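Read through the structure below, which is laid out as structure tokens, and then see the notes.
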Amino acid sequence: MSDLYHVEDLHLSLPDMTKKPMFGAAPRIEILKGMSFSIPRGQVLGIVGGSGSGKSTLGRAMVRLLEPTGGRVIFDGHDITHLPESGLRPLRRRFQMIFQDPMSSLNPRQTVGRIIAAPLTLHGVAEPKARALEALERVGLPRSFARRFPHQLSGGQRQRIGIARAIALNPDFILADEIVSGLDVSSQAQVLSILRTLVRDMGLTLAFISHDLSVIRRLCDRVLVLHHGEIVEDALCDALFAAPKAAYTRELLDAIPDPDPENAWFTRA
């Protein structure tokens, strides 16, 4: 199985605007501190860590919404680390992103059909309306939803629209950033089921960012555990849950709520 993504010694620093002086540039804070890993084609990679671990920054660097300050990002043999937008444009349809908050990423003034069709039109795809309707069906929504506006949908439905927009271009890779964190348990299960089906049917490679290891366990083949901008563990999902090696991974596992009421804190002596 060949690698679709290869990340090598990745560094990224951003200006610390909380310490910006009156004159001159703000000091920079290092967010990513030399990460290296690969993602084979067809794999579902979980990227997990607490707040400030660098997981969302890593995701944005992988799809070049942020430009790394060091190291390399290789996508399907193409070094995209410092590629200008003119060079990125032909590749962007092949790697897509689903954002955490669908309301902030969906234009409230456009219908669902136009929202999904917009990137298709941008990339010159033939019959964008038909492709948009097909994408709706792939995420389990009727074609009539194309006439609705985002405010007329539930949170789970809006997140499905985000997925539909991402898959409409038939990408090779999708980055999903905390896309179920704001959903109820039922909606979470539906979204995860849709993603599993799409990975299988479309041959997608998926990176799934989450702070919740219980969600990661239900979807992912392999897990990267991030802490303070570094990878502290890289393991197959089953192996990580059976025998975590890093102390921080054990902390994350210990933080998963126990579904057994007999083990709840208020029943203990």
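Every read-out reported here was derived from the displayed coordinates using simple, explicitly stated rules and does not represent laboratory data. Keep in mind that this is a model prediction, so the values were computed, not measured.
Below are the figures for this structure:
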read-out: Extension gain, K19 back to S36 (0.36 nm per residue minus Cα-Cα distance, nm); value: 3.1 nm
read-out: Phi-based couplings in Hz for the stretch 102-118 (Karplus 6.51, -1.76, 1.60; Gly and Pro marked x); value: x, 5, 7, 10, 10, 5, x, 9, 10, 6, 4, x, 5, 4, 6, 6, 4
read-out: Vicinal HN-Hα couplings computed from phi for the stretch 170-179 (Karplus, 6.51 cos²θ - 1.76 cosθ + 1.60; Hz; Gly/Pro x); value: 6, x, 8, 9, 10, 9, 10, 9, 6, 7
read-out: Fully extended contour minus Cα-Cα distance, from R89 to S105, at 0.36 nm per residue; value: 3.8 nm
read-out: J(HN,Hα) series, the stretch 234-239, from Karplus relation 6.51 cos²θ - 1.76 cosθ + 1.60, nearest Hz, glycine and proline x; value: 9, 8, 4, 4, 4, 5
read-out: Cut-off under 5 Å, modelled amide H: who pairs with G34 long-range; value: L10, H11, L12
